[in-house]
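Read through the structure below, which is laid out as structure tokens, and then see the notes.
FYI, it's all coordinate maths here, none of it is from the lab. For clarity, every value in this text was computed on a predicted model and none was experimentally measured. With ideal geometry, Cβ positions are generated from the backbone for all residues, glycine too; neighbour counts draw on all protein chains shown.
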């Protein structure tokens with residue numbers, strides 16, 4: 001099974017709409033393909049976010065009528081060459097339901113908002129940013145700055161990025177600066193700063209973010225401080241924004257420990 005075929009029918013797999021034989025082929029491929037594993041995690045994340053955010057939203061009757069009309073246009077029989085893929089899987093999600101989600105998403109983006117005031121479009125744009133932060137943490141990158149003094153990173157980044165790089169000050173004495181590297185988050189320049197905390201890796205990624213990244217985030221209040229965070233690929237990613245600079249954190253620590261460390265940190 002090829003990656004292109006997996007990607008084409010990934011929605012149907014997540015929704016458990018494929019027949020048993022095809023599921024076996026999917027899972028055999030997924031067990032060996034990291035790229036498709038990433039696509040799978042992203043698709044599940046998107047679907048979970050949509051389900052959570054729209055669970056209390058009722059579509060107007062006019063929208064429901066339009067969606068039913070689009071669904072009615074789909075053929076009743078699978079086309080030649082679909083083989084083991086069920087009609088429900090191929091057409092039900094990958095075509096007709098995609099149209100439905102597009103219409104519904106457009107309606108929400110212009111007419112409705114999430115409970116925290118963010119639009120569908122804003123939330124979907126924020127997700128890849130958090131995924132990039134996790135990638136900067138989990139990948140073994142060569143460091144541009146290797147030093148125990150965080151201030152050295154400030155000097156090294158001067159002139160290399162459009163914003164001043166001032167490392168976060170952690171109150172926890174077990175947090176030790178390890179180094180930094182020039183990076184990026186989507187199309188934005190970024191500074192990735194790496195720390196060690198009691199033998200665990202802690203990463204802070206700094207980048208310009210003029211608009212808030214709270215869309216679709218969960219909220220927590222720890223030590224009197226309000227934090228927003230996302231769960232991405234099994235990692236917790238809290239984010240603090242100050243003077244149009246985002247400080248996104250992730251770590252090998254458990255969620256409660258990481259949130260406590262970040263809640264007691266000081267951004268410049």
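Peptide packing: for 234-241, 138-145, 37-44, 161-168, the average count of neighbouring Cβ atoms within 10 Å per residue gives the ranking 234-241, 161-168, 37-44, 138-145, highest mean first.
Ranked by the mean number of other Cβ atoms within 10 Å of their residues, highest first, the peptides 242-253, 218-229, 12-23 come out as 242-253, 12-23, 218-229. Annotation for residue 15 and residue 218: the two label points, set 7 Å from Cα along the Cα-Cβ direction, are 2.6 nm apart.
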